[in-house]
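Novice: Can you keep this structure in mind? I'll have questions shortly.
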Amino acid sequence: MGYPTKVQLIKRKTSEQWYINFPAAIAHSMEFTRGEIVEWIIEDKGQMVLKRRNVPPSAVKKTVKD
C-alpha cells in the first residue's frame with residue numbers, strides 16, 4: 001500500500017529547501033526516532049531508497065531451522 005505525499009519547496013532570497021514528509025503511520029511502523037539520521041540513495045529518476053544507519057531490532061525474531 002502506498003502513501004501519496006506532496007513534495008514541498010520553500011524559496012528564500014538566497015536559498016531553497018525541499019521537503020518530503022512521512023505520514024505518521026509510516027514513521028510509527030518504521031519506529032523512527034526524533035533526530036534520527038538517514039541517507040537517501042538515488043536508484044534512478046523514479047526511485048529513491050531511504051537507508052537507516054542504525055536499524056532497530058525486529059519485534060519478530062527469525063529462527064533458522066537446521
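Taken together, the values in this text are just the output of simple stated rules run on the coordinates, not laboratory data. What you see is a predicted model; the values in this text were computed from it and never measured. Cβ placement follows ideal geometry from the backbone for every residue including glycine, while neighbour counts extend to all protein chains displayed.
Novice: Pop a pseudo-label 7 angstrom from the Cα along the beta-carbon direction at both Glu16 and Ile41 and give the gap in nm to one decimal.
Specialist: It is 2.8 nm.
Novice: Percent relative contact order of the chain, based on C-alpha pairs within less than 8 angstrom and at least six residues apart?
Specialist: Relative contact order, the chain: 18 percent.
Novice: Given the DSSP H assignment, sum -39500 (n - 2.57) over each helix run of at least 4 residues in the chain and divide by its residue total; what's the result at 222 nm in deg cm²/dmol, nearest 500?
Specialist: It comes out at -2000 deg cm²/dmol, rounded to the nearest 500.
Novice: With +1 on each Lys and Arg Cβ and -1 on each Asp and Glu Cβ, and nothing else charged, work out how big the dipole of the chain is about its Cα centre, in Debye to the nearest 20.
Specialist: 180
Novice: Given a Förster distance of 25 Å, report the FRET efficiency between Met30 and Gln8 from their Cβ-Cβ distance, rounded to the nearest 0.05.
Specialist: E between Met30 and Gln8, to the nearest 0.05, is 0.75.
Novice: Now for a different question. Pairwise over distinct Cα atoms, reciprocal of the mean inverse distance: report the Kirkwood radius of the range 7-52 in Å, one decimal place.
Specialist: This gives a value of 12.8 Å.
Novice: Name the residue from Gly35, Pro4, Met48 whose Cα lies farthest towards the positive end of the charge dipole of the chain, charges +1 on Cβ of Lys and Arg and -1 on Cβ of Asp and Glu.
Specialist: Value: Gly35.
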